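Throughout, read-outs are computed from the coordinates displayed, never taken from laboratory work. These figures come from a predicted structure and were not determined experimentally. For neighbour counting, all protein chains shown are included, and Cβ atoms are generated from backbone atoms with ideal geometry for every residue, glycine included.
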Amino acid sequence: MASASATLLKSSPIIDKSEWIKGQNLRQPSVCVVRCHPTSATLTVRASSYADELVKTAKTIASPGRGILAMDESNATCGKRLDSIGLENTEANRQAYRTLLVSAPGLGEYISGAILFEETLYQSTIEGKKMVDVLVEQKIVPGIKVDKGLVPLPGSNNESWCQGLDGLSSRTAAYYQQGARFAKWRTVVSIPNGPSALAVKEAAWGLARYAAISQDSGLVPIVEPEILLDGEHGIDRTFEVAQKVWAEVFFYLAENNVLFEGILLKPSMVTPGAECKDRATPQQVADYTLKLLHRRIPPAVPGIMFLSGGQSEVEATLNLNAMNQSTNPWHVSFSYARALQNTCLKTWGGRPENVKAAQDVLLLRAKANSLAQLGKYTGEGESEEAKKGMFVKGYVY
Ligand code: 13P
């Protein structure tokens with residue numbers, strides 16, 4: 001595969017092309033040779049024809065004071081959201097809600113990327129404009145969820161694995177044509193169910209294959225091994241599991257020659273299990289999470305875009321703010337779905353007359369998280385609704 005790639009060579013400056021591409025269909029690669037030592041070793045970095053663009057896209061998304069709006073709920077999950085406000089899960093209702101989100105005036109000041117479900121990538125707003133075009137006008141990079149969801153993992157302890165690699169390269173090529181510039185693949189790891197070595201390995205390998213394929217089509221891959229909040233375990237156990245998971249993820253990313261400068265990560269914050277009696281302060285969450293990131297994530301990675309995972313809107317923002325009290329080697333930001341949309345959805349309630357109020361609420365949350373990305377969020381004046389936790393045991397996206 002012609003992908004963003006790197007290989008460490010002993011003595012010979014550039015590997016023989018036929019050796020490198022054996023049996024592979026190579027797009028014109030750009031080759032950069034970095035001499036690490038005058039005589040003994042040469043590092044050859046081969047990047048796909050998209051390498052420069054990937055780096056640029058990742059940097060744009062990881063720009064100061066901005067983060068990602070995850071609005072890529074599958075039709076089934078979107079149906080649950082609509083059901084919670086008494087709406088039927090029809091294409092028209094999904095379109096109305098997503099029109100509200102993408103066209104919130106000035107959203108691009110706080111939001112650098114929006115992850116879409118396939119339906120939305122090809123959909124128009126209720127005014128008849130392509131959703132993708134509305135995003136680009138707002139200076140928001142369109143992204144696309146490319147995984148095909150979770151299924152039981154045979155041979156494991158009731159764990160799951162993520163589908164979607166078959167035919168992925170054709171889909172990513174088509175999504176690029178349609179205007180997407182980054183991708184997301186969400187797999188999960190359950191602490192109460194193990195995690196088994198098999199489940200962690202499968203999650204890491206799947207993410208790495210997906211990342212290499214996405215980069216080959218010009219899409220920046222968001223690498224998301226979500227460590228679920230479910231469980232009674234304490235924060236130390238989450239830390240231990242997260243270390244293991246990220247070690248494997250980076251092992252396989254490297255093995256698949258993924259260009260680290262052209263990826264984004266979407267980790268869970270390191271917190272106690274949702275049913276653990278000992279709760280953690282934002283300072284503790286920040287300390288544990290940053291310690292994890294420093295131990296496992298190379299500084300070449302441009303952005304860490306956290307998921308909210310069932311935390312309340314305010315909790316997710318406070319935790320992010322605490323992490324940005326220090327200078328970090330990566331852009332530390334957000335890629336929230338529930339923690340950006342919850343109050344917005346309730347405020348809308350499916351009524352056209354509430355669209356403006358709902359957009360204002362979305363902007364309020366986006367601005368709060370923008371401030372948290374800059375380490376300047378105070379938490380003052382937040383509504384009771386925004387403080388309500390959203391954890392649902394055994395939640396399925
Ligand atoms: P939450 O922020 O609701 O956890 O969703 C993020 C997401 O995109 C899950 O993949």
By the C-alpha gyration tensor axes a ≥ b ≥ c (rounded if a/c is under 1.5, else prolate when a/b exceeds b/c, else oblate), the shape of segment 49-166 is oblate
In Å, what is the Rg of the alpha-carbon atoms in the chain, and how long is Dmax?
-> 20.8, 71
May I ask you to compute the full-extension gain from residue 255 to residue 383, defined as 0.36 nm times their residue separation minus their alpha-carbon distance, rounded to one decimal in nm?
-> 41.4 nm
Out of residues 5 or more away from residue 306 or on other chains, whose amide H comes under 5 Å of its own, with H placed 1.01 Å from N in the peptide plane?
-> 333, 334, 335
Can you pull the one-decimal nm distance between simple spin-label points at residue 76 and residue 89, each 7 Å off the Cα toward Cβ?
-> 0.8 nm
Whole-Hz couplings from phi, Karplus 6.51/-1.76/1.60, listed for segment 320-336; x for Gly and Pro | 5, 4, 4, 6, 9, 7, 10, 7, 10, x, 10, 6, 10, 9, 10, 9, 8
According to the square roots a ≥ b ≥ c of the eigenvalues of the Cα gyration tensor, what is the shape class of segment 280-366, taking rounded for a/c under 1.5, prolate for a/b larger than b/c otherwise, and oblate for the remainder?
-> prolate
Give the residue from 228, 62, 115 lying farthest towards the positive end of the charge dipole for the chain; charges sit on Cβ (+1 for Lys and Arg, -1 for Asp and Glu) and the dipole is referred to the Cα centre.
-> 62
The Cα extents of segment 98-188 along the principal axes, largest first and rounded to whole Å, are 49, 26, 21
Of the convex hull drawn through the C-alpha atoms of segment 242-395, the volume per residue in Å³ is 137 Å³
Once both labels are modelled 7 Å past Cα along the beta-carbon direction, what's the residue 360-residue 158 spacing in nm?
-> 4.6 nm
Leaving out same-chain residues fewer than 8 places away, which lysines sit with a Cα under 25 Å from that of residue 388?
-> 80, 266, 277, 346, 356, 367, 376
With a point put 7 Å past each Cα toward its Cβ, work out how far residue 392 is from residue 126 in nm, to one decimal.
-> 2.4 nm
Given charges of +1 on the Cβ of Lys and Arg and -1 on the Cβ of Asp and Glu, with all other atoms neutral, how large is the dipole of segment 131-240 about its Cα centre, in debye to the nearest 20?
-> 360 debye
Amide hydrogen neighbours beyond the local backbone of residue 187, cut-off 5 Å, H modeled | 224, 226
Which far-off residues, 5 or more places away or on another chain, put their amide H under 5 Å from the one on residue 49, with H placed in the peptide plane?
-> 30
With a Förster distance of 30 angstrom and the Cβ-Cβ distance between residue 294 and residue 52, calculated FRET efficiency to the nearest 0.05 equals 0.60
Quick calc, residue 328 & residue 275: beta-carbon distance into FRET formula, R0 35 Å, rounding 0.05, result 0.70
Binned Cα-Cα distance frequencies in segment 41-114 - 5 Å width, integer % = 3, 13, 16, 14, 13, 13, 10, 7, 4, 3, 2, 1, 0
The chain - charge dipole about Cα centre, Lys and Arg +1 at Cβ, Asp and Glu -1, debye rounded to 20 | 700 debye
